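The values are calculated or read from the model by the stated rules, or taken from the named source; none is laboratory data. All figures in this text were calculated on a predicted structure; none of them were measured in a lab. Cβ coordinates were reconstructed from backbone atoms using ideal geometry, including for glycine residues, and neighbour counts include every protein chain displayed. Areas reflect the complete protein model, heavy atoms only, side chains present, ligands, DNA and RNA absent. Shrake-Rupley method; radii C 1.70, N 1.55, O 1.52, S 1.80 Å.
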Amino acid sequence: MAVFTTLDFDEINALIKPYGIGELIRFSGVSAGLENTNYAITTSSNHMAEEYGYDCEGEYFLTIFEELPENDLPFHLGLLELLGRKHIPVSIPVRDYDGKNIQMVNQKPAVLCPRLEGHHVQNPSLSQCEKMGVMLARIHEVSHAMEYQGGGIRDVEWLNDAFAKVTDTMTSDELAACQQVLDEYNAECVADSLPKTIIHGDLFRDNALFDGDDITGVIDFFTAGRGFMIYDMAVCANDWCVANGALDNDKLASFIKGYESLRALTDAEKAVWPLMLKITALRFWVSRIQAVKRIQSHPHELNTFTSPEPFKQLFFYYVSSEPQNLSI
């Protein structure tokens, strides 16, 4: 969500004309995130003008995909439409006058999504952790209806390849620890004992919106793909249930309670929980190292990176902890 593709006022105004949302009033580049270019834009009308009134301004995010291939987008947009039909609060991309929800910007695919109400939480409460567990279980339940064989852009093949590209940033001891965990995960990925579905893959606090304890939006499904549900839970737990570089047991218990209110975990999933915590910590350590390298090669005043260090520390916290301290 850094700015890699620079657009000016006239270019964005021309881009939004086919959507019937009036004229561009203002826009700003969004500096948060790692991969795509995002602009927050305000227009003179709203795509729901017939319901909200024609004098109502529209608030949108324009996302330009820097890496995701155009032929992968129909799956992701179809997933959003499915989730929306099942009353999960997602931002479904707007269609233009011709019914298209994908445009090309500088030979890159782009979508226009309505801005959802709510705010990101910095220090989630026990109730918010429980609500997030319920929401993740709902997403897993609904996404079973999607037929998709791909593993998303952050699947095991990507992790193996990405790890190989960042080994120059690690010590020999770090490399050995990472390789051991990666080998365990590679072996687990060929087993059939863990239930799969379409997973979000990146449901951090900055991809959820709240109003009090109520979830008003879940965003950024563009790393979604077929994967282990327990993996998706570990991704969430490593952001929602971590404090001072360690798992917060109370928050984790609330998160698990919420999730299991809809779907009970299997014995096989419980057995690999420690591994999933480690491999997801490794994944975000690696991806943030890559982001640092990419942003350094694409200088822009809005491009800031999130330090890989917290996930490096979290990974080694898990590696050095006793397994029984990591069980659900």
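I'd like the residue in the range 213-231 that is assigned to a loop (DSSP other than H, G, I, E, B) and acidic (D, E) and, out of all such residues, is modelled with the lowest pLDDT. Per the criteria, the residue is D220. Using the structure shown, decide if E141 is under 30 Å from L262 (Cβ atoms) and at pLDDT 95 or above. Yes, satisfied. Looking across the range 253-296, just one residue is out of contact with any strand residue (DSSP E or B) (no Cβ under 9 Å at 6 or more places or on another chain), of a type in the set (D, E) and under 18 Å from E188 (Cβ atoms), and that is D267. Scanning the range 254-267 for residues that are small (G, A, S) and crowded, with 16+ Cβ neighbours inside 10 Å returns S254, G258. Taking (1) at pLDDT 95 or above; (2) surrounded by 21 or more Cβ atoms within 10 Å (Cβ to Cβ) in turn, S287 satisfies each apart from (1). Looking across A176, A234, one residue alone is touching a residue at least 40 places away in the same chain (Cβ under 8 Å) and assigned to a helix (DSSP H, G or I). It is A234. F210 satisfies every condition listed in (1) outside any strand (DSSP E or B); (2) buried (at least 19 other Cβ atoms within 10 Å of the Cβ); (3) over 14 Å from the mean Cα position of the chain (by Cα) except (1). Tell me, yes or no, whether the range 157-168 has at least one residue that is more than 17 Å from the chain's Cα centre (by Cα), surrounded by 14 or more Cβ atoms within 10 Å (Cβ to Cβ) and part of a strand (DSSP E or B). No, because not a single residue in the range 157-168 is more than 17 Å from the chain's Cα centre (by Cα), surrounded by 14 or more Cβ atoms within 10 Å (Cβ to Cβ) and part of a strand (DSSP E or B).
Does the range 246-259 contain at least one residue that is in contact with a helix residue (DSSP H, G or I) (Cβ under 8 Å, 6 or more places away or on another chain) and among the polar types (S, T, N, Q)?
Within the range 246-259 (the criterion being in contact with a helix residue (DSSP H, G or I) (Cβ under 8 Å, 6 or more places away or on another chain) and among the polar types (S, T, N, Q)), the answer is yes, since at least one residue qualifies.
Restricting the range 179-192 to residues that are more than 30 Å from L80 (Cβ to Cβ) and not in a helix (DSSP H, G or I), which is least open to solvent (accessible area, probe 1.4 Å)? That would be A191.
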